[in-house]
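The values are calculated or read from the model by the stated rules, or taken from the named source; none is laboratory data. A quick note: this is a predicted structure, and the numbers were derived from the prediction, not measured. Here the Cβ positions follow ideal geometry from the backbone for every residue, glycine too, while neighbour counts run over all protein chains shown.
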């Protein structure tokens with residue numbers, strides 16, 4: 001999984017919000033994620049830690065939030081190769 005300057009972080013935070021989780025910005029630049037009022041995990045504010053985001057997704061799935069494992073790939077056009 002390649003990282004694209006925090007876009008994966010933003011996508012994950014949007015998924016958490018839409019699934020009913022609460023996202024709070026910490027003073028350190030990290031994001032705190034709460035589920036049912038309980039702190040579940042903290043993630044980095046930038047997308048440089050691939051393993052950290054994967055671990056955060058796994059934790060969130062364990063708490064019942066439906067977060068995608070990977071970003072959907074853009075459709076490719078076969079005519080671009082002609």
Any idea which residue in the range 47-63 is farthest from the chain's Cα centre (by Cα), counting only those that are part of a loop (DSSP other than H, G, I, E, B) and surrounded by 13 or more Cβ atoms within 10 Å (Cβ to Cβ)?
63
Among the residues of the range 4-18 satisfying the criterion of being touching a residue at least 12 places away in the same chain (Cβ under 8 Å) and over 17 Å from residue 64 (Cα atoms), which is surrounded by the most Cβ atoms within 10 Å (Cβ to Cβ)?
9
Expected output for the range 45-65 (first residue modelled with pLDDT of 90 or more, partner in a loop (DSSP other than H, G, I, E, B), Cβ below 7 Å, 6+ apart or cross-chain) is 57/67; 57/69; 60/67; 61/67
Over the range 19-42, the set of residues surrounded by 14 or more Cβ atoms within 10 Å (Cβ to Cβ) and at pLDDT below 90 is none
